[in-house]
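Undergrad: Dropping the structure in here first, questions after.
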Amino acid sequence: MNWLELLRSKPTAVVLIAISLLCLYPGLTSPMMSLEVATSLPIVGEIEIYNQTQSIWSGIVSLYNKGYLFVSFLIFLFSVAIPLIKLLSLAIILLFENTRLSQGLHQFVLLIGKWSMADVFVVGIFIAFLAGEANPNMHASLHEGFYWFLAYCLTSILCGQLLRVNKKSYNNS
């Protein structure tokens, strides 16, 4: 089955995979969050102590360069590698539907979905944002990278669920 036939037979799944992939790249490379820390000193006034804006990718590179290899590897694995593997697997499942390969990959996607930290990562960023806002000397702000990554998470989960429902309907017929 070629992509054109696939688009005609499963347009929603193909579109969701494409949207997921298109959201993942800016979700990884666009600024995700800024954290600013300031203090107020008598006479001098407010002084900024810390101000940094990071994307997921720049965070991985920064951690790696500072020697936090294990942490940078884990973030890379759960935020870059697993999402790409999941999207590639979903595309292969669609292309080779009702084959042993697609059934095995479907089980694999279900397995890595349990280990995927994308949704946990997005919630973690949001919690960090709220925690930063709770301290009067800290200010956190979310940027477009957060929303792109959130869009990736939601569309890839939706696509996985759609394929799961389709697989169940094939197995029951």
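The values are calculated or read from the model by the stated rules, or taken from the named source; none is laboratory data. Since this is a predicted model, take the numbers as computed values, not measurements. Positions of Cβ are backbone-derived with ideal geometry, glycine not excepted, and every protein chain shown enters the neighbour counts.
Undergrad: Which of the residues belonging to region 77-97 are in contact (Cβ under 8 Å) with a residue 12 or more places away in the chain and within 14 Å of the chain's Cα centre (by Cα)?
TA: Result: 78, 79, 80, 82, 83, 84, 85, 86, 87.
Undergrad: Mind counting the residues in region 1-54 that are in contact with an Asp or Glu (Cβ under 6 Å, 6 or more places away or on another chain) and at pLDDT 90 or above? Steps first, answer last, please.
TA: Within region 1-54, the subset in contact with an Asp or Glu (Cβ under 6 Å, 6 or more places away or on another chain) is 30, 38, 40, 51.
Next, from what is left, pick out any that are at pLDDT 90 or above: 30.
Result for region 1-54: 1.
Undergrad: Additional query: Please work out which residue is farthest from residue 124 (Cα to Cα), limiting yourself to region 29-78 and to residues that are acidic (Asp, Glu) and exposed (fewer than 14 other Cβ atoms within 10 Å of the Cβ). Before the answer, list the steps.
TA: Going residue by residue through region 29-78, those that are acidic (Asp, Glu) are 36, 46, 48.
Applying the additional criterion that residues be exposed (fewer than 14 other Cβ atoms within 10 Å of the Cβ) yields 46, 48.
On the way: 46: 29, 48: 25 Å.
Looking at residues that are acidic (Asp, Glu) and exposed (fewer than 14 other Cβ atoms within 10 Å of the Cβ), I get 46.
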